[in-house]
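Here is the structure we will look at.
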Amino acid sequence: PFVSVEFHNNVEADAHMNFDKLRTSVGTEYKINKHNDVSLSYILTLNRMHHPYERMHAISVGYSYDF
């Protein structure tokens, strides 16, 4: 299992230290065998500056093959 949080900040000259966007994700990864992994996660993005209550929901499915 994994959890991650990302903060996005506007770095313009007159901008104050105010987080514009927050992205959180939670998910899991399963190792099928030595070379194959699959992952599934849920991602929530909150846009605080342009649209204060705008939320974006996403599901991420991944596959990885290691040589």
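With each pseudo-label sitting 7 Å past Cα toward Cβ, what's the residue 53-residue 11 distance in nm, one decimal?
Between residue 53 and residue 11, the simple spin-label model gives 3.3 nm.
Could you tell me which of rounded, prolate or oblate describes segment 21-67, using a ≥ b ≥ c as the square roots of the eigenvalues of the alpha-carbon gyration tensor, with rounded for a/c under 1.5 and, failing that, prolate when a/b is larger than b/c and oblate otherwise? All intermediate terms of the calculation are to be shown ahead of the outcome.
Numbers: a/c = 4.71, a/b = 3.83, b/c = 1.23.
Taking the square roots of the gyration eigenvalues as a ≥ b ≥ c, segment 21-67 is prolate.
Once amide H atoms are placed 1.01 Å from N in the peptide plane, what residues at a sequence separation of 5 or more from residue 10, or on another chain, have their amide H within under 5 Å of its amide H?
Amide H neighbours of residue 10: 18, 20.
None of the figures in this text is laboratory data; all of them are computed from the coordinates on show. Note that the structure is a prediction, hence the values are computed from the model and not measured. Note that we place each Cβ from the backbone using ideal geometry, even for glycine, and neighbour counts take in every protein chain shown.
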